[in-house]
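Just below is one structure, and these are the notes that go with it.
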Amino acid sequence: MDKFLQFLVSGIMIGGIYGLVALGLVLVYKSSRVLNLAHGGFLMMLAWLCWSFAAQLGLPIWLSILLVLAISVLAGLGVERFILRPLIGQPILAIIIVTLALGYFLEGVAIMAWGADTKGMPEFISREAIWLGPVSIAQHYLWAFGIAIFLFVLLILFFRYTKLGLGMQIVSEDQQVARSLGISVKNVFAQSWAFALVIAAISGILYASLKAVNNSIALVGLTKALPVMLLGGLESLPGALVGGIIVGIFEIVGGGYIDPLVGGGFTDVIPLILMLIILLVRPYGIFGWKRIERI
Amino acid sequence: MLVMNAVEVKYLDVILVLAGVSLEVPEGKIVALLGANGSGKSTVLKAISGLLETEEGRVTDGSIHFNSIRIDRMNPEDIVRLGIVQVIEGRRVLEHLTVEQNLRGGAYLRYGDLKRDFDMVHSYFPRLKELHHATAGYLSGGEQQMLVLGRAMMAHPKLMLLDEPSMGLAPLLSKEIFDMIQRFNSEEKTAMLVVEQNARAALSIAEHGYVMENGRVVLDAPAVKLADNPDVKEFYLGLGVPGQKRSYREVKHYRRRKRWLA
């Protein structure tokens, strides 16, 4: 029983991070209908940049983080200006393929700049474990989870109560109607991407500090965040959080019990199995927008 | 207030849809724009509101002026800022958002408390008050049409462009919509350009009317004169000689061809 509780709590903690990563994907999808396949690449790139500032250039960790956040805002605006805008009016699949290419490009640049090794992110949160009854949680997991929840609440409130949040939802519903209401679609895209990349920076740095700074972070964007996004619903912010926690729980609990039986490796497959099941049983996800059709 | 001068519009640089359209909408008046399907009526509205660029269309000749400001080269967002709002045809509600969010979208460029604006819209369309938190996509056709009109009203426009407001609606509901349009015009003094297939209803609320065919304006007269025009009566109002049964054997196109362009 204790083992189960331990797995459960660990699953919830890591699930919060997965949810945060998925949040970046949902933000971009919600406003522009683009599935950003470069999200993992950005996660990895921004984590590497943070490590580079802190470990290679020796800047204090908080300054490195701030610099990376500033860079991510610029990167988001840059993506809208140089990648999305030339492709306005083209089929959505073309734009998605371009993000795929961008992801590969980022991975290539990372290997050129920092090689293929694994490094450790300089510590900014203590790694000591604290005990909650029979369960031990490493402090930095708890902090990461807390930051994820905080950002979630912030963003959900933003979407519901601010004008810009409403503008993003309107743009994702119907671009022509948005323009007819005076909403600048270009500005909304730029702002959504900037938001999404800031989230990518935060979740990338958090993930790298929990695990390691490594090119495999790029895979997290697809193999973990995509099942979370599908489970929660492509357009749903609360869905990303709930989906993340569910995927985290299944992954750690399932892996914890099955890995010893099969010699390891099953943990990574679980989110993908979940994705298959979701697509078969309830493709809209838990909170996704259903297609409304008038007959 | 609005002056269109010999406007030519092409889609994708090769498809000529408007071949020199000139029309005027005076301040505070309702103007009707009639014509068969495909005559270019929606394109006229989109040229004014700037939404042509969302459909790969461009004004290639002529000019459009709104209160002496040239608008045919402007972004749709800036044109809305000037006070011109188009209600796109086909009841384009924001389906997954609530009625309230749709209305807030209409007031996007305005600031401050929207309570008075909600009350105004509810005074025209009481049904929307009950539906304030309903999901827009599940509303009936008539309710959706009320919603898109209400959305336009929220912006307090100086000029409203209405594209087929009665399309697909039951006759009673259609009458209600036209009554509300006329009331909004008389109370808020908003000028309106109404594109309609329902010529009778449109001419009953308009001061002036234009008839279009194949991208050109072919008739231009005060609404009462248009309603009395025998050609308009036969081709748009469905009236034959009173007292006589319409024989469909007689309705052969080559017998009485209307060639305004000849």
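Values quoted throughout were computed directly from the atomic coordinates according to the rules given, and no laboratory measurement underlies them. As the structure is a computational prediction, the values presented were derived from the model and not from experiment. So basically every Cβ, Gly included, is an ideal-geometry build from the backbone, and we count neighbours across all protein chains shown.
The mean count of C-beta atoms from other chains within 10 Å of the C-beta of residues in B:93-106, rounded to a whole number, is 5.
Amide H contacts of residue B:61 (H built 1.01 Å from N, in plane; Pro and chain starts excluded): B:8 sit under 5 Å, all sequence-distant by 5 or more or on other chains. Think of each Lys and Arg Cβ as +1 and each Asp and Glu Cβ as -1; about the Cα centre, that makes the dipole of the range B:2-235 roughly 400 debye. Over chain B, dividing the summed -39,500 (n - 2.57) contributions of all DSSP H runs of at least 4 residues by the number of residues returns a 222 nm mean residue ellipticity of -9500 deg cm²/dmol. Listed by Cβ neighbour count within 10 Å, with the fewest neighbours leading, B:208, B:133 appear as B:133, B:208.
Sorted fewest first by neighbouring Cβ atoms within 10 angstrom, A:104, A:207 come out as A:104, A:207.
Using the alpha carbons alone, the radius of gyration of chain A stands to its Kirkwood radius in an Rg to Rh ratio of 0.97. Here is the size of the protein assembly as shown from its Cα atoms: Rg then Dmax, 29.3, 97 Å.
The residues A:124, A:42, when put in order of fewest to most other Cβ atoms within 10 Å, stand as A:124, A:42.
Each residue, residue A:258 and residue A:96, gets one label point 7 Å from its Cα in the Cβ direction; the gap between the two is 2.6 nm. Between the Cα long axis of helix A:266-281 and the first principal axis of chain A there is an angle of about 40°, rounded to the nearest 10. For the cross-link pairs B:29/B:115; A:30/B:158; B:41/B:158; A:30/B:41; A:30/A:163, the ones whose C-alpha atoms lie over 24 Å apart are B:29/B:115; A:30/B:158; A:30/B:41. Centroid-to-centroid, using Cα positions, the range A:1-66 and the range B:166-236 are 58 Å apart. Against chain A, whose longest principal axis is taken from its Cα atoms, helix A:185-210 shows a tilt of about 10°.
Using Cα atoms only, what is the angle between the long axis of helix A:92-114 and the major principal axis of chain A, expressed in degrees (0 to 90) to the nearest 10? The two axes meet at around 40 degrees. Here the relative contact order of the range B:2-235, from alpha carbon pairs under 8 Å that lie six or more residues apart, stands at 28 percent. Rounded, prolate or oblate: which one fits the range A:216-289, using the alpha carbon gyration tensor with axes a ≥ b ≥ c (rounded when a/c is under 1.5, else prolate when a/b beats b/c, else oblate)? Verdict is prolate for the range A:216-289. Each of residue B:16 and residue B:73 was given a label point 7 Å from its Cα along the Cα-to-Cβ line. The distance between the two points is 2.4 nm. Since only A:152, B:37, B:15 are under comparison, the one whose Cα sits farthest along the positive direction of the charge dipole of the protein assembly as shown, derived from C-beta charges on Lys, Arg, Asp and Glu, is B:37.
Charged side chains reduced to their Cβ positions (Lys and Arg at +1, Asp and Glu at -1) give the range A:168-295 a dipole of some 280 debye around its Cα centre. Note on the range B:2-235: Cα-only Rg and Dmax are 17.2, 51 Å.
What shape does the range A:1-67 have by the C-alpha gyration tensor, where a ≥ b ≥ c are the square roots of the eigenvalues, rounded means a/c under 1.5, and otherwise prolate means a/b greater than b/c and oblate the rest? Oblate is the answer for the range A:1-67, as a/c is 1.5 or above yet b/c matches or exceeds a/b. The HN-Hα couplings worked out from phi for the range A:215-231 by the Karplus form 6.51 cos²θ - 1.76 cosθ + 1.60 (θ = phi - 60°) are 5, 6, 4, 4, 5, 4, x, 8, 6, 10, 6, 5, x, 5, 5, 5, 5 Hz, whole numbers, x standing for Gly and Pro. Taking every pair of alpha-carbon atoms in the range A:3-159, give the share separated by more than 26 Å as a whole percent. In whole percent, the share of Cα-Cα pairs in the range A:3-159 beyond 26 Å is 39.
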